[in-house]
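The values are calculated or read from the model by the stated rules, or taken from the named source; none is laboratory data. Keep in mind that what you see is a predicted model, and the values were worked out from it rather than measured. A quick note on method: Cβ atoms are made from the backbone with ideal geometry, for glycine too, and the neighbour counts reach across all protein chains shown.
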Amino acid sequence: MSFREKTAWITLITLIVTSLLFILHPPLQLTLAPEPDFFSLHVLLLSIATFVVIEIVAIVVVRMRSPRDAKAPLDERERLIVLKARSLAWYVLATSSLGSVMVTIHLGANELGLAYCVLISFVLSLMVNYAARIVYYRRGA
Amino acid sequence: MTGTAITNTIRKLRFERNEMTQQDLAERVGVTRQTINAIELGKYSPSLEVAFRIAAVFGVRLEEVFSHDGGIPEPRGAAR
C-alpha cells in the first residue's frame with residue numbers, strides 16, 4: 001500500500017471516529033431546531049481537536065516508516081485520482097448543502113440546526129473524497 | 001478505469017533487463033511503483049509522455065512496449 005493510500009485510510013477512519021464521537025455524545029438533540037448547548041459546542045471542539053491530533057500523529061508515524069514515498073511528488077495517476085475523488089465529493093457537497101437550505105426553508109430548522117446540517121454536509125463530502133481515493137487507488141485509477 | 005484495451009510487454013522487458021524491479025523502473029520513469037504496477041496489470045493507461053519514457057528506459061520503440069487490442073471505432077458520420 002502506497003504512502004498516499006495509507007494517509008487516505010487514516011483520514012477516512014479518523015473522520016468516522018471523530019464524527020461518531022460528536023454525533024453519539026449525550027444528551028443527543030436529534031432535532032432540526034436544537035437549543036443552544038455549550039456542552040455540545042465543547043464536544044464539537046473536542047472532536048475537531050481529536051481529529052487534528054490523530055491525523056498529525058498517524059501521518060508523522062507513516063511518514064517515518066516510508067520517508068522516500070512521502071517525499072515523492074504526485075505522479076500523473078495520483079493527480080488523476082485526487083481530481084476524480086474531489087469531483088465526486090463536490091457533487092456530494094453541493095447536493096447536501098442545497099439539501100440543508102431546503103431543510104431550513106421547508107422543515108423549519110433554526111440557525112443552529114442549519115449549521116449542523118452544513119457541518120454534516122462538509123464532513124460527508126470529505127468522507128466521500130477519501131473513500132473514493134481509496135477505491136481508485138485499489139482499482140488502479 | 002478497470003482494464004483497458006491497451007496491452008503492454010513491460011513485465012517481459014523488465015525480465016529481459018536482468019529482472020529490473022518495478023521500483024527501479026518507476027524511479028527511472030519518474031512515477032511511483034504503484035503506477036508502474038497499475039500500468040503493467042492493464043489497470044491504468046499512461047499518458048503519451050510516460051509511455052515514451054518507459055520505452056526510452058528499455059531502449060525500444062513505443063509500439064514494442066504498448067499495443068492496442070481493440071478495433072478503432074469509426075468516427076461519427078463517416079462515409080461508407
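Run down B:Thr21, B:Thr35 and say which single residue is of a type in the set (S, T, N, Q) and surrounded by fewer than 18 Cβ atoms within 10 Å (Cβ to Cβ).
Sole residue among the options that is of a type in the set (S, T, N, Q) and surrounded by fewer than 18 Cβ atoms within 10 Å (Cβ to Cβ): B:Thr21.
Checking the structure you have, find out if any residue of region A:85-95 is closer than 30 Å to B:Glu49 by Cβ, charged (D, E, K, R) and in contact with a helix residue (DSSP H, G or I) (Cβ under 9 Å, 6 or more places away or on another chain).
yes
Could we say that A:Leu41 is more than 14 Å from chain B (Cβ to nearest Cβ), part of a helix (DSSP H, G or I) and either among the aliphatic types (A, V, I, L, M) or in contact with a strand residue (DSSP E or B) (Cβ under 9 Å, 6 or more places away or on another chain) (or both) here?
Considered against the rule, which asks whether it is more than 14 Å from chain B (Cβ to nearest Cβ), part of a helix (DSSP H, G or I) and either among the aliphatic types (A, V, I, L, M) or in contact with a strand residue (DSSP E or B) (Cβ under 9 Å, 6 or more places away or on another chain) (or both), A:Leu41 comes out as yes.
Determine which member of the set B:Ala51, B:Ala38, B:Ala56 is within 9 Å of chain A (Cβ to nearest Cβ) and either of a type in the set (S, T, N, Q) or in a helix (DSSP H, G or I) (or both).
Among B:Ala51, B:Ala38, B:Ala56, only B:Ala38 is within 9 Å of chain A (Cβ to nearest Cβ) and either of a type in the set (S, T, N, Q) or in a helix (DSSP H, G or I) (or both).
Taking the stated definitions as given, is B:Glu16 over 16 Å from A:Leu80 (Cβ atoms) and surrounded by 13 or more Cβ atoms within 10 Å (Cβ to Cβ)?
Numbers: over 16 Å from A:Leu80 (Cβ atoms): yes; surrounded by 13 or more Cβ atoms within 10 Å (Cβ to Cβ): no.
Judged against the criteria, B:Glu16 is not a match.
Can you tell me which condition A:Ala141 does not meet? The list is (1) at pLDDT below 85; (2) surrounded by fewer than 19 Cβ atoms within 10 Å (Cβ to Cβ), and all the others hold.
Single failed check for A:Ala141: (2).
If only one of B:Ala5, B:Ala56 is surrounded by fewer than 16 Cβ atoms within 10 Å (Cβ to Cβ) and modelled with pLDDT of 95 or more, which one is it? Can you show your working first?
On the way: B:Ala5 fails: modelled with pLDDT of 95 or more.
Checking each option against the conditions leaves just B:Ala56.
To keep it simple, each residue is scored yes or no on (1) within 14 Å of chain B (Cβ to nearest Cβ); (2) at negative phi; (3) not in a helix (DSSP H, G or I).
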site: A:Thr7; (1), (2), (3): yes, yes, no
site: A:Leu12; (1), (2), (3): no, yes, no
site: A:Leu15; (1), (2), (3): no, yes, no
site: A:Thr18; (1), (2), (3): no, yes, no
site: A:Phe22; (1), (2), (3): no, yes, no
site: A:Pro26; (1), (2), (3): no, yes, yes
site: A:Thr31; (1), (2), (3): no, yes, yes
site: A:Leu46; (1), (2), (3): no, yes, no
site: A:Thr50; (1), (2), (3): no, yes, no
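How do the pairs read when you match residues in region A:48-68 that are farther than 13 Å from A:Ile13 by Cα with residues anywhere that are part of a helix (DSSP H, G or I) and not basic (Lys, Arg), using Cβ under 6 Å and keeping only pairs 6 or more apart or on different chains?
Going by the 6 Å Cβ cut-off, the qualifying pairs are A:Arg63/A:Ala70; A:Ser66/A:Phe3.
Might you let me know whether region A:25-40 holds any residue that is within 17 Å of A:Thr11 (Cβ to Cβ) and surrounded by fewer than 17 Cβ atoms within 10 Å (Cβ to Cβ)?
no
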